[in-house]
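Visitor: Here it is, the structure, as C-alpha cells.
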Amino acid sequence: MKKLLLLTFVLLSAASEHLIAQCTQCTPVSCSAQKPAGGLCNQAPDDTAGQPYDAVISFYAPKILNDPTTLAQCSGCNHVELHHLTIVGIQGLPTGVSATANHTNGYYDVWGGDTSGCVHFCGTPVAPGTYYVIVNLLADVVAIGTPIGNVAVNGQAQTYRDTIVIYPGSSECPQSFSIGNGPCVLKACDSISVNLNATLTNTHCANLISYSWDYGTGVTSHAKTPGVVNYTTPDTFALSLTTTFYTYRIKNVTATITGGYTGDIEELTGGSNPDPYVIIPSLGFNNTANSGSDVHSVTWTNLGLVIPENNCADAVEIQVWDEDTGPPQHSNPLGSQDDNCGSHYITPAIPNQVYDVTSNSSVSVTFDTVATSSLTEKVDVIVFPHPPVPVLMASHDSICNGDSTILILSQSVPGYGFNWYKNDTTEFSTTDSFLVVKTSGDYKVKITNVVTGCAEWSAPYAIAVGSAAPSSVNIIFNGTSEFVTPFPSSGFAVDWYFNGNLVVGQNGKFLPYLGGGQYSAEVYNINFPLCRTSAGPDSIVSGINDMVDHSIYDVSVYPNPNNGKFKVTFTTDETQDIRLVISNTIGQSISERKIENFNGAFNEEIDLSELSKGVYVVTIETNNGSHNSKVVVQ
C-alpha cells in the first residue's frame, strides 16, 4: 500500500499564512459529540478590509478513523489509527492576518490524547478580495487489518483548500500604500501632491515581492517608494498599486543513486541498477509512480511544486529512494522494502541550479518563482477646478447715514455658497448672493462650490457712509436774502436754484435776493454729494416776500422745527388790531385769531400737534402790513 489518504478529516479550511506567535494562544472547544468523525468545530468568518479580525477555530482529531470514505482508501483495513498530526504549511491568507496554534509548531500527539486543538486568527486584512487558502498537513497513521497486516505510514501528506472573502472597507484611503505623512487627502482644489510608499512587505523572503504602480497619468513605476507625484490638472486620476507576493517553486529535480541500494532481492549484486524516486515530505510529494527503471540517474521536469510562503527561506528536505517491491510501500510479501539512499536539504535559490551530495546519492534542483497572491488597490485622486474670482459691484459706493446700498457679484456663479465679511474680521450671518450695506468698511465675499468645497475670495470693495443732511429743511426770506434752516454747523453746502436754474457760485446758507421769482435749495454733504435734502420752492412776488410792518418787531417762532407745539412772540409799540393766521404751504387757513387794540409784548403757545407733519406759515397782519414765518412740524 503506497499511499493512505485521509480525505474525510478536514482539519483547517481557513488559516493564516504562517503559524507564528503573533496572536494570543487559544483554548480549544471540544466538538467530539457533534463531529465524531473529526473536523472543524466552527468556520472562519469573512471580514472587511481595514477592520480588526479576531477568530478562534477549534477542531477535533479522533484517534480512530472508521468512516466509510477512509476505509475505502486503505485496501480493506478494519480502521485507521491517527497517531500524530502536524500543520506544516499554510498559504494564501489575506495579507495582514496571522495565526497562532495552541501547540508549538502545529504538532499534535493525537494518539497520546491530544485530540482537540485550535488556531487563533488575528490582525487587520489590508485589501479586499477573494483569498484561496491552502493548508498542508502531515499525518502519521497506521492502517489496522490490511491483507498484509498492519501498515504504518508516517509523514502522510494532505492538502486542503478553502476560500475567505474580504469585503471592501468604508475608508476611501488605501490600505496597501500610503500617500504622505499626514492625513489621507485624495481630493483637493487646483493640485494634489502625494508621496507614494508601498506598505506591504514579504516578511518571509524580502525579495519575493513586486510592486506595480499606475499613476493614472500614463506614468508607471515598479519602485517600492516612488516618492512625490504631482497632480496639477483638474481631472480624476485612477491611482493604483498591484502588490504581488511570490514563493519558490521546484521546477526540475535530478536524482542520482550511487550506493545503498544493493543486497535486496531486487538488486542482489552491484551490477544491478536502482529504480530512483524522490519524496519531499513538507510538500506531500512522492513520485514512486514515476520512478526510474534500472537507471542510476533520473530527471523529472516541470514538477511545479510550490513551497509555502512561510517556508520560502527554509531548506527543503528531498529524500532519494530506490524502489523495490515489498511492504510497507508495496504489496509483494516476498519483496524488499524501498531503500532510503539519503536526505538532501536544499535551500531555494534562483537562477542557478542547487546541487547537494551525500554518501549514497546526489540531487540537482532547479527553482523558479510563482505568484501566490496579488492585491490590487485603486483610489481616485481628484483635482477640482479653481473657482472663478468673484468681482463685487454696488449700486452706490458712497451712501448717506441711514441709507443702504447693495453689494452683488458682477456675474452670477450657480452652484456656489456665499460668505460675506467686513474688514476681514466680521462675518455676516447671511449666505445670500447679495449683501445690504449700511456702514462704512471694506467688504469681501468668499464663494464656495457646494460640491467640491473649493473656495475663492473677492478683492475688497470699499463702501463709505457720510453724514446725512437734515431730514427737513426750509427756505425763509428775511427781506434781503433767502436762507435755509436748519443748517448743519460744518461739512455741508447748498445748491441754490432760481426759477429752476442752478445759481453758480452760491453754495452758502444765504442767497442774496435775486428779484421776484421761485427759489429752491438742496442742502448736501460736501464729501458725500448724494447726501442731500431739498427745500422750497419759495415764491417772492413784486420783489418782496412780505409787506414788512415795521410796527411789529422781535418776531420769533420757536422751537422750529417742533412736534406741533411752539410759541409765537412779537412786540408792538402802537395800539392796533392784529390778526394771527396759521396756514399751510398752499395758502389754506388752519386757524385764525383777531387781537383788538393790542399794545406791548405778545407771547403765546400754539398747538398744532393734531395736524399732520409738514411746513406751516405763521402770519402776523396789521393795517400797515404783515410778517410771515415758516414753522416745521415733525
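The values are calculated or read from the model by the stated rules, or taken from the named source; none is laboratory data. What you see is a predicted model; the values in this text were computed from it and never measured. Using ideal geometry, Cβ is built from the backbone for each residue, glycine included, and neighbour counts are taken over all protein chains shown. Each accessible area value is taken on the protein alone, full model and side chains, heavy atoms only, with ligands, DNA and RNA left out. Shrake-Rupley method; radii C 1.70, N 1.55, O 1.52, S 1.80 Å.
Visitor: Pick out the one residue from PHE528, PHE483, PHE492 that is surrounded by 15 or more Cβ atoms within 10 Å (Cβ to Cβ) and closer than 30 Å to TYR553 by Cα.
Guide: Exactly one of PHE528, PHE483, PHE492 is surrounded by 15 or more Cβ atoms within 10 Å (Cβ to Cβ) and closer than 30 Å to TYR553 by Cα, namely PHE483.
Visitor: Moving on to the next point. Give just the number: which of (1) in contact with a strand residue (DSSP E or B) (Cβ under 8 Å, 6 or more places away or on another chain); (2) open to solvent by 50 Å² or more (accessible area, probe 1.4 Å); (3) more than 23 Å from CYS23 (Cα to Cα) does PRO147 not satisfy?
Guide: Tallying (1) in contact with a strand residue (DSSP E or B) (Cβ under 8 Å, 6 or more places away or on another chain); (2) open to solvent by 50 Å² or more (accessible area, probe 1.4 Å); (3) more than 23 Å from CYS23 (Cα to Cα), PRO147 fails exactly one: (1).
Visitor: Restricting attention to the range 87-133, which residues are among the β-branched types (Val, Ile, Thr) and surrounded by fewer than 19 Cβ atoms within 10 Å (Cβ to Cβ)?
Guide: Listed by number, the residues that qualify are THR104, THR124, THR130.
Visitor: On the given criteria, is VAL450 free of Cβ contacts under 8 Å to residues at least 40 places away in the same chain and either open to solvent by 40 Å² or more (accessible area, probe 1.4 Å) or at negative phi (or both)?
Guide: The answer is yes for VAL450.
Visitor: For the subset of the range 305-323 comprising residues that are free of Cβ contacts under 8 Å to residues at least 60 places away in the same chain and outside any strand (DSSP E or B), which member is farthest from the chain's Cα centre (by Cα)?
Guide: Across the range 305-323, the extreme among qualifying residues is GLU323.
Visitor: List every residue pair whose Cβ atoms lie under 7 Å apart, where the two residues are 6 or more positions apart in sequence or sit on different chains, the first residue falls within the range 353-380 and is open to solvent by less than 70 Å² (accessible area, probe 1.4 Å), and the second residue, located anywhere, is of a type in the set (Lys, Arg) and in a strand (DSSP E or B).
Guide: The qualifying pairs are THR366/LYS251; PHE367/ARG249; PHE367/LYS251; ASP368/ARG249; ASP368/LYS251; THR369/ARG249; VAL370/ARG249.
Visitor: Related question: Counting only residues that are of a type in the set (Ser, Thr, Tyr), open to solvent by 10 Å² or more (accessible area, probe 1.4 Å) and farther than 16 Å from VAL615 by Cβ, which one in the range 540-578 is modelled with the lowest pLDDT?
Guide: Of everything passing the filter in the range 540-578, SER542 is modelled with the lowest pLDDT.
Visitor: Is it the case that the range 326-335 has a residue that's under 30 Å from CYS74 (Cα atoms), free of Cβ contacts under 8 Å to residues at least 60 places away in the same chain, over 60 Å from the mean Cα position of the chain (by Cα) and open to solvent by 20 Å² or more (accessible area, probe 1.4 Å)?
Guide: Yes, the range 326-335 contains at least one residue that is under 30 Å from CYS74 (Cα atoms), free of Cβ contacts under 8 Å to residues at least 60 places away in the same chain, over 60 Å from the mean Cα position of the chain (by Cα) and open to solvent by 20 Å² or more (accessible area, probe 1.4 Å).
Visitor: Name every residue in the range 492-529 that is of a type in the set (A, V, I, L, M, F, W, C) and either closer than 17 Å to SER467 by Cβ or not in a strand (DSSP E or B) (or both), in order of residue number.
Guide: Of everything in the range 492-529, those that are of a type in the set (A, V, I, L, M, F, W, C) and either closer than 17 Å to SER467 by Cβ or not in a strand (DSSP E or B) (or both) turn out to be PHE492, ALA493, VAL494, VAL503, VAL504, LEU514, VAL523, ILE526, PHE528.
Visitor: Please verify whether LEU239 is closer than 30 Å to GLY218 by Cα and surrounded by 17 or more Cβ atoms within 10 Å (Cβ to Cβ), treating the condition exactly as stated.
Guide: yes
Visitor: Give ASP214, ASP162 a once-over and let me know the one that is modelled with pLDDT of 80 or more and either open to solvent by 20 Å² or more (accessible area, probe 1.4 Å) or out of contact with any Phe, Trp or Tyr (no Cβ under 8 Å at 6 or more places or on another chain) (or both).
Guide: Just one listed residue meets the conditions, ASP214.
Visitor: Something else now. Being open to solvent by less than 40 Å² (accessible area, probe 1.4 Å) and among the polar types (S, T, N, Q) is the filter; apply it to the range 255-308 and report the residue that is nearest to ILE134 (Cα to Cα).
Guide: ASN287
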